[in-house]
Amino acid sequence: MLELKEVCFTIQKDGDPVNLVNQASFDVPRGHFMAIVGPSGCGKTTLLKTIAGLNPESGGSLWWDGRNLSEDGDLEPWEIGYVPQFSIAYDELTVDEAVETATRLRVKCRNTEELDQRIDRVLEETGLAPIADRHIRVLSGGQKRRLGLAMELVSDPKLLLCDEVTSGLDPRSEREIVHLLHDLSRNDGRTVILVTHSLAHLELYDSILVNHEGSVAFHGPPNQLTHYFSVDDSEEVYPTLAKQSGTEWQESWAKHRQAYYQKLARTRELHIEAGVIKLPASEEPAVGDDEQSPKKKNKTTPPRLPSTFSQFGTLLARRWKIFFRDRTQVLLQVAILLCFPILVTFFAERGKEPIKRLSDIPEENIVLELQSRVEVREDQIRVGSAVSGMIMFEVILLALMGSNNAAREVAGERKIMEKEKFGGVRPVSYLLSKLAFLTCLILAQSLWMAMFVEFFWQFSGSFASHVAFLILVNASITAICLAISSVMKTPEQSSLLSIYLVGFQLPLSGAVLALPEFFETLTQPFVSAYWAWSGSIEALGGNIHTAVDVITETELSPGNVCFFALCAQTLVGVIVAWMGMVRHQWDN
Amino acid sequence: MGRRASSGLNATALIGIAAVVLVLVATGTMLLKKGKTEGFTGQPLPVEETFSNATAMRRNEYTVEGKVFRIESRDSGVGVCLMVGNEGGEEEAVFIKVPEEIATINLERDVTYAFKIRVGEGGVNVATAIKKP
C-alpha cells in the first residue's frame, strides 16, 4: 500500500516558502486505480513527482508496503513505472525495438526466450502487437501513449504513475487508454495512479483524488464526487473548488475522510471477493491489513537490473541504429568527413615548395649575401605560413567536427535519459556508450583528415605525432562539448555554446596573431587548438620547422606538454560530462 | 538512504574527482619542471674574447647558454644567433653553427638553450651538444 502522511513539497518564491504539495495525506492500496484530478496548475503533476521521488518531500513521509521511502530506501527501479507527458522513445526505432531496448536496459533476462516472452507479453497487454514493426514516427498520439506504457511495463512495476497520458487525445483514444490503465490495475496487485484534468470515464476509477492549490480537497469513490461537492454534474466540481482556498478544502476533507475511506474499503473487499481485483498470493488482502507471512513474501522474485556493461552494450547498439537510420545525420557526417580535408589540400602546393638555405660560406659580396638572405626569408615566410596555416586549418576543422559530434548528444535526449535513469539505467553506462560512439567518429574523422592531407602534402617530421595531436584535439573538443551538452538545459543552448567554443579557438590560439602576454597566459591552458597546433609544429622537422618558427610570434610549447594539456582537457570534459549525467535534471 | 531527487554526486565521487584534478595539476607541474634541466658543465665561453681573439681559441671546447634570437637554415645545418651575458653583465650576440646531426631538437626563437661548442679552424663556434635548460 502507498501511504502519504502529511507530505509537503515546498519551494522558495520571492524569499517566502510556498507549499506546492500541502500536507497531503492519503492511502492507495494495492490493485487500485486512482485518478488525481484538479484544475490546471493545482499541483497534480507536482504531487505525482513527489510520489515518484522526483521532488524531494520537504515534510511528512511516504510509505510503500510499510517501508519509509526516505529512510529505508526508495522504490527499486523495477517496482515503479512512470509514464511522463512527453514521448520517451526515439522516432527512428520500431515499436518492437523500443520495447526490446527498454527491457534490455531495465531487466536482466536469463536468455533470449525470457526476453522475447517479456516483450510479447507487454505488447499483447498494451495492444501494440499488431503494430510491433511500425516505426514510432508514424504512430498516432494514442499509440505513442500505449508505447510509453509498454516501455514501463517491461519490469512489471507494482506502482504505475501516469502523468497526463490522456491529454491531447481524441475521445476514443482517451477512453481506450483509461480502459487499458484500468485493466492493468486489475491484476497482480498493481497500483495505477493517473494524473488527468479530464473528468470523463470517472466510473472506471476506484477512487478520485481532487487537488486544489496543492491541497487534497477530496479522495473517495467516484460516485461520491458530486455528492461531496454538492453539485449535479462532475463538470461543476472545478468551479466549486474556486470558492474556497485549498487549505479550507483540506480542513473540510479531513473531517469526512474516514467515512469515505470506509466506503472505499467496502467496495474493494467486494471487488476482491468477486474476482474483479486479482491480488497475487503474497499481497495484502484488504486495505489496512499489513500482515503477511514471510513464506508468502518470498514467492515473488524481483527482476534484477542488467549489469553496467550490458546496459552500455544496449545503449551503444541503439545509438548506432539511430545514427544509421537518420539519413540527414549520416549524410552530414559523410559530407564533413570528405569535404573538410579537401579544403585543407587547397593550400598543399604552397606547403610543398622548397626553401632556399644559406650557404655555409657567406658571400664575399655583401649585396649578394643580403640578397641571398632576403630570398631565404621570403621562402621561409611563404612556406612557413602555408604549413602553419594548413596545420591550424586541420586543427580547427577537426574542432568543428568535434563540436558537431557532441553538442547535442546529451542535451538533445535529456528527457529520455532522465526517464531511463529513473528506470535504472546507470549514468556510467550512458557515459560509456556516448564515449564509445564518439570515439569511433573521432578516429574516423581524424585519421581520414591526416591521411587524406598526407596524400597531397607530406608532413615533414613525425607523422605519428601529428596524427596523435589531430586525434587529441578532436577528442578534447568532443569531450568538452559533451560536457556542455550534459550541463546545458536545452540542445539549442548547448549547440550555441559549442559553436562559440570552436569560434574562439582560432583567434585565441595565437597562430594568426600573437596575443598580449597576460591574455595569452590566461587563455592558453583552455585553448585546445593552440596545443594541437603547437604540438604538430613541434613534430615538424628541420627546415620546415625553422620556417614556421620564423613566421610565428607565439611561443610554442614542447610536444609532451601539448600532449598532456590535450589529455587533461579531454579528461576534464569527460568528468564534467559524467557529473552532468549524474545530476538530476528531470525538469529541464 | 534518500529518494531519487536527493541522489546525485556522492562524497566518494567528489573525492575521486578532487584526486583526479590533483593528479592533473601535479603531472602538469612535473612536466613543466622536467624541461628545466641543468646546463652543461665545463669552461664557459669567454664572450668578449670571441670578438678579439677567436683564432686563438681554435680547437678549444666551451659551454654557453643564451636566448636564441635568430635561426638560419644553412647547407650543412642550422646557424643560430643567441644573446649571451658577458663578464661585464652586458649581453652580446654569439653565432653558433649547429650541424644537422646535432640538431636533434627543434630550435626556436626566444627560447633559451645550452650549447657545448668547439671552436672550429676558422674561429666559428660549432655545436657538439644542445640542451633546453
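The values are calculated or read from the model by the stated rules, or taken from the named source; none is laboratory data. Because the structure is predicted, anything quoted here is derived from the model rather than measured. Because the Cβ atoms are built from the backbone with ideal geometry, glycine has one as well, and the counts that use them run over all protein chains shown. Ligands, DNA and RNA are excluded from the accessible area calculation, which covers all protein heavy atoms including side chains. Shrake-Rupley method; radii C 1.70, N 1.55, O 1.52, S 1.80 Å.
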Helices (runs of 4 or more DSSP H) within the range A:506-572 that include 1 or more residues of a type in the set (A, V, I, L, M), away from chain B (no Cβ under 13 Å) and within 19 Å of A:PHE393 (Cα to Cα): A:528-539
Selection from the range B:121-130 of residues that are at pLDDT 85 or above and away from chain A (no Cβ under 13 Å): B:ASN125, B:ALA127, B:THR128, B:ALA129, B:ILE130
Which numbered condition A:VAL395 misses (of (1) closer than 30 Å to A:THR554 by Cβ; (2) open to solvent by 20 Å² or more (accessible area, probe 1.4 Å)): (2)
From A:THR46, A:THR10, residue being hydroxyl-bearing (Ser, Thr, Tyr) and either in the same structural domain as A:LEU264 (by TED's automatic domain parsing) or within 21 Å of A:ILE208 (Cβ to Cβ) (or both): A:THR46
Condition met for B:GLU61 (in contact with a helix residue (DSSP H, G or I) (Cβ under 6 Å, 6 or more places away or on another chain) and away from every other protein chain (no Cβ under 11 Å)): no
Subset of the range A:368-385 that is within 12 Å of another protein chain (Cβ to nearest Cβ) and of a type in the set (A, V, I, L, M) - its residue that is surrounded by the most Cβ atoms within 10 Å (Cβ to Cβ): A:VAL383
Strands (runs of 3 or more DSSP E) contained entirely in the range A:2-64, each with at least 1 residues that are of a type outside the set (A, V, I, L, M, F, W, C): A:2-13, A:16-28, A:59-64
Condition broken by A:PRO39, with the remaining ones in (1) open to solvent by 20 Å² or more (accessible area, probe 1.4 Å); (2) more than 13 Å from chain B (Cβ to nearest Cβ); (3) closer than 20 Å to A:SER155 by Cβ satisfied: (3)
Odd one out for A:TYR530 among (1) in the same structural domain as A:PHE340 (by TED's automatic domain parsing); (2) over 18 Å from A:SER403 (Cβ atoms); (3) not hydrophobic (A, V, I, L, M, F, W, C): (2)
Helices (runs of 4 or more DSSP H) within the range A:239-335 that include 3 or more residues modelled with pLDDT under 95: A:246-274, A:294-297
Given (1) among the basic types (Lys, Arg); (2) over 17 Å from the mean Cα position of the chain (by Cα); (3) crowded, with 17+ Cβ neighbours inside 10 Å; (4) away from chain A (no Cβ under 12 Å), index of the condition B:ARG118 fails: (3)
Criterion: closer than 12 Å to A:ALA406 by Cα, open to solvent by 70 Å² or more (accessible area, probe 1.4 Å) and not in a loop (DSSP other than H, G, I, E, B) - qualifying residue of A:ILE480, A:ILE499, A:ILE484: A:ILE499
First in the range A:447-467 and of a type in the set (D, E, K, R), second anywhere and open to solvent by less than 70 Å² (accessible area, probe 1.4 Å), Cβ under 9 Å, 6 or more apart: A:GLU454/A:PHE463; A:GLU454/A:HIS466; A:GLU454/A:VAL467
Residues that are more than 12 Å from chain B (Cβ to nearest Cβ), surrounded by 12 or more Cβ atoms within 10 Å (Cβ to Cβ) and hydrophobic (A, V, I, L, M, F, W, C), drawn from the range A:345-367: A:PHE347, A:ALA348
Single residue of B:ARG70, B:ARG58, B:ARG3, B:ARG74 found to be touching an Asp or Glu at 6+ places or on another chain (Cβ under 8 Å) and open to solvent by 30 Å² or more (accessible area, probe 1.4 Å): B:ARG58
Cβ pairs under 7 Å, 6+ apart, first in the range A:43-60 and away from every other protein chain (no Cβ under 13 Å), second open to solvent by less than 10 Å² (accessible area, probe 1.4 Å) and in a loop (DSSP other than H, G, I, E, B): A:GLY43/A:GLY214; A:LYS44/A:GLY38
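For (1) under 14 Å from A:LEU482 (Cα atoms); (2) modelled with pLDDT of 95 or more, each residue gets a yes or a no:
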{"position": "A:VAL387", "(1), (2)": "no, no"}
{"position": "A:LYS419", "(1), (2)": "no, no"}
{"position": "A:LEU432", "(1), (2)": "yes, yes"}
{"position": "A:LEU438", "(1), (2)": "yes, yes"}
{"position": "A:SER446", "(1), (2)": "no, yes"}
Residue list for the range A:65-78, restricted to those being free of Cβ contacts under 8 Å to residues at least 40 places away in the same chain and either at positive phi or assigned to a loop (DSSP other than H, G, I, E, B) (or both): A:LEU69, A:SER70, A:GLU71, A:ASP72, A:GLY73, A:ASP74
Residue that is farthest from B:ALA5 (Cα to Cα) [pool: residues in the range A:442-465 that are open to solvent by less than 10 Å² (accessible area, probe 1.4 Å) and touching a Pro at 6+ places or on another chain (Cβ under 8 Å)]: A:VAL453
Lone qualifier among A:GLU71, A:GLU79, A:GLU92 - being under 18 Å from A:HIS32 (Cα atoms) and not small (Gly, Ala, Ser): A:GLU79
Conditions (1) crowded, with 19+ Cβ neighbours inside 10 Å; (2) farther than 23 Å from A:GLY168 by Cβ; (3) not β-branched (Val, Ile, Thr); number of the one not met by A:GLU236: (1)
Residue within the range B:111-132 that is touching a residue at least 60 places away in the same chain (Cβ under 8 Å) and touching a Pro at 6+ places or on another chain (Cβ under 7 Å) present: yes
Complete set of residues in the range A:411-441 that are open to solvent by less than 20 Å² (accessible area, probe 1.4 Å), under 24 Å from A:GLU76 (Cβ atoms) and among the basic types (Lys, Arg): A:ARG414, A:LYS419
Helices (runs of 4 or more DSSP H) lying entirely in the range A:79-180 (those with 1 or more residues that are among the hydroxyl-bearing types (Ser, Thr, Tyr), in contact (Cβ under 8 Å) with a residue 40 or more places away in the chain and crowded, with 18+ Cβ neighbours inside 10 Å): A:95-106
Residues of the range A:502-549 classified as of a type in the set (Phe, Trp, Tyr) and either open to solvent by less than 10 Å² (accessible area, probe 1.4 Å) or more than 36 Å from the chain's Cα centre (by Cα) (or both), total: 4
Within the range B:77-114, considering residues that are polar (S, T, N, Q) and within 13 Å of chain A (Cβ to nearest Cβ), the one surrounded by the fewest Cβ atoms within 10 Å (Cβ to Cβ): B:THR104
